[in-house]
Structure formats: C-alpha cells, structure tokens
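Colleague: I'd like to ask you about the structure that follows.
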Amino acid sequence: MKRLFCTVLAFVALACCAAASAQDASPSKVTRMIVVYPAGGGADLLARTLGDSITRQSGQRLIVENRAGASGMIGTTACKNAAPDGYTYCLVLSDVVTIHPHVFKKITYDAEKDLVPVASVADFAVVLAANSTVPVKDMKELAAYSRANKDKVNWGSFGVASSSHLMLARLNESLDGSVTHVPYQGVPQLISALLNKEIDVSLLIYGQVAQYLDKGQMKVLGVMGTRRAPMLPDVPTFVEQGLNFAPVLWYGVFAPAGTPPLAVERMNKLVNQALEDAAVRKVLETQGFFAAPSTPTAFGERAAQDRNSWGPIARSLNLSLD
C-alpha cells in the first residue's frame, strides 16, 4: 500500500510538472509586445504585422503597446520591470542595447543583465541620402566635395548619441573631418530638413526616403553594410566604395531577465515563422528591411558583439549624456 501511494504521488508530481511546462510553452494570457517608439513608425508597423501573424499562427493574442520616449529607454525600462512570466516582450532598435549603455550616464537598465535576447527580427537597408541639389553621386565625390567645401557640408542625424551620429563620426574620419554634424530630435524633422535643403546628407532607412527618391527630391550615394539593397541594385555599398566600415542596424525582441527558457524558445519560433509570412515579408520589403531569423543564443552573441564594437566609437566622441 505504501509503495502504491508513493507511485501515485510520483505520477501526480509528474503530471503537475508537465502541466506547468505546457503552460510555459503555450501561454494562455494575452501576450504584450512593448514597442519603444511612437505609433505610426516603422517599428510600430513591424510589430503590429508580426503580432497579427503570431496570433494567426498560434491562436495566442499578441497586442502592441507603445511606450516611447528618452530614445527608447522608457519602453525598454518598462520591459525590464515587467513580470518575467513569458507574457511581456519588447521590440527595440539595436541602439538601445548596443550604443546607449556607452553614452547615457543615467541609463535605467543593464542591457546585459536585465534583458534576455529572444529573437532577431530584421536588419535595415540604411542608405546615405543627399538632397537633390548636392552635386555628387557617390561617396568618392562626396569626399572630394566636402574637402573642397570644408565645414560647409552639413550632415544631419536623428539625435546626439544615435547610431546615425556615431556612424557619421566614423565616416567623417574617411572624409578628413570636413563634414559638420547637425542633430535633430527625430526622423521626421531630419527628413524635413533634408527636403528643405537645410542639410546636405544623412543616413536613413530606405523605407523612410523611398517616396522622395521616386520624386527626385533625394538621391542615394551608397548603401551601408556588405550587401546591396534589392530595391537599389545599382547603388554600391560603402565597402564597395572603399570604406572599411559596415555596421548593420537591426530590430530585435527581448524579454525581462528571468523569463522561462521555454517561453523564450516559443516566442523565438513564432517570430521566425512570422518572418516567412507573406504579409510580414511585404512590410519588410516596403520598409527596406531584411528578415534576420536567428536563435536566442546567436542573437545574444550578435548583440554583445555589436555593443563591443560601438564602445570605442562612442568613447572617441567623449559622449556622456544624462
């Protein structure tokens, strides 16, 4: 009898563990995806399209919550502070976990300890766009033009300590420091300045400038990275134009530290499956993104490597912001 009782207890315990594992692997509550940027932007559109696809795949409802402000740090902190129960994730730009830790003195999260890498989503087709009146057509001509007009060529970025600012600093070395940095509060203001010819050039995502390229209001001098953009097959990359600098910006999904591994693995698989969805692919293409599926481990390694790569550039600028 005692042996039978122990056997029954063992089966009950095993069943409880299996039920708990099933709950971790297949959430029953609404899943929340915090987008750390305003509604209506590229990140918001991407997150909502992913969410719709994930809901269709799994039957698990995923809602998007916009928590914008402080260069993405408000939403990222909200993600960090959420219960690590597998029901909260956040979609962030690579800046948030690779650049901000180097430049913000009062950053409210530890990118390595407070967040768990879940899924790589998309890489960007970043282009060097110029207003229509700048008399150059590629990086070589920009270098010559900027040297001939030292300190008169203005380069706009979407904020101090942003990836566009740090990339400018690196590229400016190749241009003999002859370009002047002009920071703006965000992409809309930056695009307006470029259209109004207040600045000469800027680094932007293809999807942000496509309509202006079609109208002849802007032109592209080069594509950042190591591969040409499918939507701009005739525009050479920076590497092809002789610049040994090819960083890639990306969007990725993170979760609060302590989130169950089964939940992380499940969300990773759902995101990777969504990246094969035709509706998601269409959004990626129109925005100038490349699908970048990965495992949580590989994504974490990439984030760490990028964080280490941006550190020396940030320190060279002596950036230290509150």
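The values are calculated or read from the model by the stated rules, or taken from the named source; none is laboratory data. Since this is a predicted model, take the numbers as computed values, not measurements. Don't worry about glycine lacking a Cβ; one is built from the backbone with ideal geometry, like all the others, and counts go over all protein chains shown. Just the protein is used for accessible areas: all its heavy atoms, side chains included, with ligands, DNA and RNA removed. Shrake-Rupley method; radii C 1.70, N 1.55, O 1.52, S 1.80 Å.
Colleague: Of everything in segment 272-286, what is closer than 18 Å to Val253 by Cα and either assigned to a loop (DSSP other than H, G, I, E, B) or touching a residue at least 40 places away in the same chain (Cβ under 8 Å) (or both)? Give them in sequence order. Outline the logic, then answer.
Modeller: So in segment 272-286, the residues closer than 18 Å to Val253 by Cα come out as 272-277, 280-281, 283-284.
If the condition is that a residue be closer than 18 Å to Val253 by Cα and either assigned to a loop (DSSP other than H, G, I, E, B) or touching a residue at least 40 places away in the same chain (Cβ under 8 Å) (or both), then Asn272, Gln273, Ala274, Leu275, Glu276, Asp277, Val280, Val283, Leu284 are the ones that fit.
Colleague: Same structure again: Say whether the condition of being of a type in the set (Asp, Glu) and either at pLDDT below 85 or open to solvent by 70 Å² or more (accessible area, probe 1.4 Å) (or both) is met by at least one residue in segment 290-301.
Modeller: yes
Colleague: In segment 180-194, how many are in contact with a strand residue (DSSP E or B) (Cβ under 6 Å, 6 or more places away or on another chain) and either part of a helix (DSSP H, G or I) or farther than 23 Å from Leu93 by Cβ (or both)?
Modeller: 4
Colleague: Of all the residues that make up segment 119-170, how many are of a type in the set (Gly, Ala, Ser), part of a strand (DSSP E or B) and more than 30 Å from Asn268 (Cβ to Cβ)?
Modeller: Taking segment 119-170 as the starting set, the residues that turn out to be of a type in the set (Gly, Ala, Ser) are 119-120, 122, 125, 129-130, 132, 143-144, 146, 148, 156-157, 159, 161-164, 169.
Right, trim to part of a strand (DSSP E or B) and you get 119-120, 122, 129-130, 156-157.
Next, only the ones that are more than 30 Å from Asn268 (Cβ to Cβ) stay: 129-130, 156-157.
Looking only at that region, the number is 4.
Colleague: Is it true that some residue in segment 195-211 is in a loop (DSSP other than H, G, I, E, B) and of a type in the set (Gly, Ala, Ser)?
Modeller: no
Colleague: While we're on this one: Looking for something crowded, with 18+ Cβ neighbours inside 10 Å, out of contact with any helix residue (DSSP H, G or I) (no Cβ under 8 Å at 6 or more places or on another chain) and at pLDDT below 95 - is there at least one such residue anywhere in segment 31-43?
Modeller: yes
Colleague: Test Ser58 against the stated conditions and say whether it is out of contact with any Ser or Thr (no Cβ under 6 Å at 6 or more places or on another chain), open to solvent by 30 Å² or more (accessible area, probe 1.4 Å) and among the polar types (S, T, N, Q).
Modeller: When the stated conditions are applied, Ser58 passes them.
Colleague: Going by what's in this entry, would Phe158 be described as touching a residue at least 60 places away in the same chain (Cβ under 8 Å) and among the hydrophobic types (A, V, I, L, M, F, W, C)?
Modeller: Here the answer is no, as Phe158 does not meet what is asked.
Colleague: Among Val179, Val201, Val187, Val153, which is within 21 Å of Phe289 (Cβ to Cβ) and among the β-branched types (Val, Ile, Thr)?
Modeller: Values: Val179 fails: within 21 Å of Phe289 (Cβ to Cβ); Val201 fails: within 21 Å of Phe289 (Cβ to Cβ); Val153 fails: within 21 Å of Phe289 (Cβ to Cβ).
Matching residue, one of Val179, Val201, Val187, Val153: Val187.
Colleague: Go through segment 237-279 and give me each residue that's at pLDDT below 95, over 15 Å from the mean Cα position of the chain (by Cα) and either hydrophobic (A, V, I, L, M, F, W, C) or surrounded by fewer than 17 Cβ atoms within 10 Å (Cβ to Cβ) (or both).
Modeller: If the condition is that a residue be at pLDDT below 95, over 15 Å from the mean Cα position of the chain (by Cα) and either hydrophobic (A, V, I, L, M, F, W, C) or surrounded by fewer than 17 Cβ atoms within 10 Å (Cβ to Cβ) (or both), then Phe238, Val239, Glu240, Gly242, Leu243, Asn244, Phe245, Ala246, Ala278, Ala279 are the ones that fit.
Colleague: Among (1) of a type outside the set (Asp, Glu); (2) at pLDDT below 95; (3) part of a helix (DSSP H, G or I); (4) exposed (fewer than 13 other Cβ atoms within 10 Å of the Cβ), there is one condition Asn318 misses while meeting the rest; what is its number?
Modeller: Failed condition: (3).
Colleague: Evaluate the following for Val136: is it over 18 Å from Gln185 (Cα atoms), buried (at least 21 other Cβ atoms within 10 Å of the Cβ) and of a type in the set (Val, Ile, Thr)?
Modeller: No: the conditions fail for Val136.
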